[in-house]
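The values are calculated or read from the model by the stated rules, or taken from the named source; none is laboratory data. The shown structure was predicted, so the numbers you read here are calculated from the model rather than taken from an experiment. Cβ: placed from backbone, ideal geometry, glycine included. Neighbour counts: every protein chain shown. SASA here: full protein model, heavy atoms, side chains in, ligands and nucleic acids out. Shrake-Rupley method; radii C 1.70, N 1.55, O 1.52, S 1.80 Å.
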Amino acid sequence: MPETAQSPTPGRPPPPAQSLTEILAETDDLTMFASLVSAANLTAALDEDAPFTVFAPSNDAVAALPVGTIEDLLTPERNNELVALLSHHIVPARLASSELRRGQALRTLGGTTLRVRTLNGQLTVDGASLGTTDVEARNGLLHITDRVLTP
């Protein structure tokens with residue numbers, strides 16, 4: 001019997017069923033970023049089938065922003081800035097951590113550029129260290145960063 005698109009390849013686990021937004025919402029260390037994605041109405045975009053790589057800041061990283069920053073960005077008049085900030089964390093391609101190379105420039109969903117560099121022998125993305133990497137979703141990958149990336 002021929003394999004269908006949904007049947008797993010022998011020796012490989014089946015593809016993940018959850019979308020990036022579902023993983024964001026269910027990961028304890030990403031609840032603040034998930035809330036911001038929801039507030040910016042980016043959930044539908046991150047549920048699309050197109051592959052994405054999300055560099056998601058941990059709750060500690062979001063909490064480290066200057067006092068009042070999040071509250072200001074959540075006001076209706078600053079929604080465009082919130083969308084721009086969050087779009088700077090999303091690359092419209094599936095990039096595993098093993099594919100990131102020093103000197104690489106990654107074009108984001110918002111049209112900005114993320115720079116991959118090395119710091120103390122470790123890869124960074126716009127100066128943010130990668131903690132947990134390569135979290136699989138049905139529509140891409142998620143990497144947890146130690147700071148919020150700013151365009």
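Scanning region 37-47 for residues that are surrounded by fewer than 21 Cβ atoms within 10 Å (Cβ to Cβ) and part of a helix (DSSP H, G or I) yields a total of 6. Only one entry of Gly121, Gly111, Gly140 meets the criterion of being in contact with a Pro (Cβ under 6 Å, 6 or more places away or on another chain) and either at pLDDT below 95 or on the phi > 0 side of the Ramachandran plot (or both), and that entry is Gly140. Checking Ala56, Ala25, Ala34, Ala50 one by one, the residue that is small (Gly, Ala, Ser) and part of a loop (DSSP other than H, G, I, E, B) is Ala50 and no other.
The single condition among (1) within 15 Å of Leu46 (Cα to Cα); (2) without any contact (Cβ under 8 Å) to a residue 12 or more places away in the chain that Thr108 does not satisfy is (2).
Scanning region 115-151 for residues that are among the hydroxyl-bearing types (Ser, Thr, Tyr) and either farther than 20 Å from Ala61 by Cα or open to solvent by 40 Å² or more (accessible area, probe 1.4 Å) (or both) gives Thr118, Ser129, Thr132, Thr133, Thr150. Looking across region 59-114 at every residue that is open to solvent by less than 30 Å² (accessible area, probe 1.4 Å), in a loop (DSSP other than H, G, I, E, B) and not aliphatic (A, V, I, L, M), the one that is nearest to Leu141 (Cα to Cα) is identified as His89. In the condition set (1) out of contact with any Lys or Arg (no Cβ under 9 Å at 6 or more places or on another chain); (2) more than 23 Å from Glu22 (Cα to Cα), Ala96 is compliant with all but (2).
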